[in-house]
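Visitor: One structure coming up, written as C-alpha cells, with questions to follow.
Each value in this text was obtained by applying a stated rule to the coordinates, not by laboratory testing. Please read these numbers as outputs of a predicted model, since none were measured by experiment. Here the Cβ is made from the backbone with ideal geometry for all residues, glycine too, and neighbour counts use every protein chain on show.
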Amino acid sequence: MSDDNVLVENPFHTARLKPLRKGKKGPQLLAVVHQSGCTGCEICIAGCPVDSIELVPGPDSTNPGFKQTVEIDLARCIGCQNCSQDCPWETIMMYKHDDAFKIWGHETFKSELYVSPNTVDKLTEEHGIKFDPPQTEEENTESNDTKDSEESAS
Ligand code: SF4
Ligand code: SF4
C-alpha cells in the first residue's frame with residue numbers, strides 16, 4: 001500500500017480548534033456526504049448545530065469556490081439529521097455509527113480533515129514547525145553548562 005492510501009488527521013485544519021463532541025459514546029447515526037453529488041451550495045452548513053460541516057476548496061487555488069464540496073467531521077457530528085434533510089441534492093445520508101466510517105472512505109474523493117502523512121510533512125514544512133528530537137541527559141547537561149558560562153561571562 002502506498003503512503004498516499006493511508007490517511008491521518010490533518011493537525012493544521014481549523015476544525016481542530018473547534019470543541020469536540022461531548023460524551024464518551026458516539027451518536028447512533030452519523031452523516032456522510034456523497035461528494036460526487038455535492039454542488040458545494042453550502043446550504044447544509046447553515047443548519048448544522050455543531051458546525052461540523054467543512055468546506056473543501058476546488059482544485060484551482062486562485063478560485064477555491066469553483067467546484068468546491070463539503071465534508072463532515074465525523075468526530076464532531078451529533079447525528080441530528082438536519083443536513084441530510086436540508087440538502088437539496090439529497091447527497092448527505094445518515095448511517096449507523098460504525099458503517100459511516102467505511103462509507104466515508106468510498107464516498108469522499110477529497111478531504112482536508114484527513115490527509116496523507118506526506119501532506120502532513122509538507123504542511124509542517126510550510127508552517128515552519130520543526131520537531132526537535134528529545135535531548136539525551138548528556139546533551140542537556142552540556143547545554144546547561146554553556147548557558148551557565150554565558151551568564152557568568154555577561
Ligand atoms: S447530522 Fe447534524 S450534526 Fe451531523 S453534520 Fe449533519 S447537521 Fe451537523
Ligand atoms: S447542501 Fe448538499 S449539495 Fe449543498 S453543499 Fe451541502 S452536501 Fe453539498
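Visitor: Being touching a residue at least 24 places away in the same chain (Cβ under 8 Å) and under 27 Å from His127 (Cβ atoms), is that true of even one residue in the range 78-96?
Guide: no
Visitor: Here is a follow-up. When both residues are 6+ apart or on different chains and their Cβ atoms are under 6 Å apart, which pairs have a first residue that lies in the range 49-64 and is farther than 17 Å from Thr14 by Cα, and a second that is assigned to a loop (DSSP other than H, G, I, E, B) and of a type in the set (Lys, Arg)?
Guide: Pairs that qualify, where the first residue is farther than 17 Å from Thr14 by Cα and the partner is assigned to a loop (DSSP other than H, G, I, E, B) and of a type in the set (Lys, Arg), are Gly58/Lys67.
Visitor: With the requirement that a residue be among the hydrophobic types (A, V, I, L, M, F, W, C), closer than 20 Å to Ala100 by Cα and within 12 Å of ligand 1 (Cβ to nearest atom), what does the range 16-55 give you? Before you say what the answer is, go through the steps one by one.
Guide: So the first thing to find is which residues in the range 16-55 are among the hydrophobic types (A, V, I, L, M, F, W, C), and the list is 17, 20, 29-33, 38, 41, 43-46, 48, 50, 53, 55.
Filter once more, keeping what is closer than 20 Å to Ala100 by Cα: 20, 29-33, 38, 44-45, 48, 50, 53, 55.
Correct list: Leu29, Leu30, Ala31, Val32, Val33, Cys44, Ile45, Cys48, Val50, Ile53.
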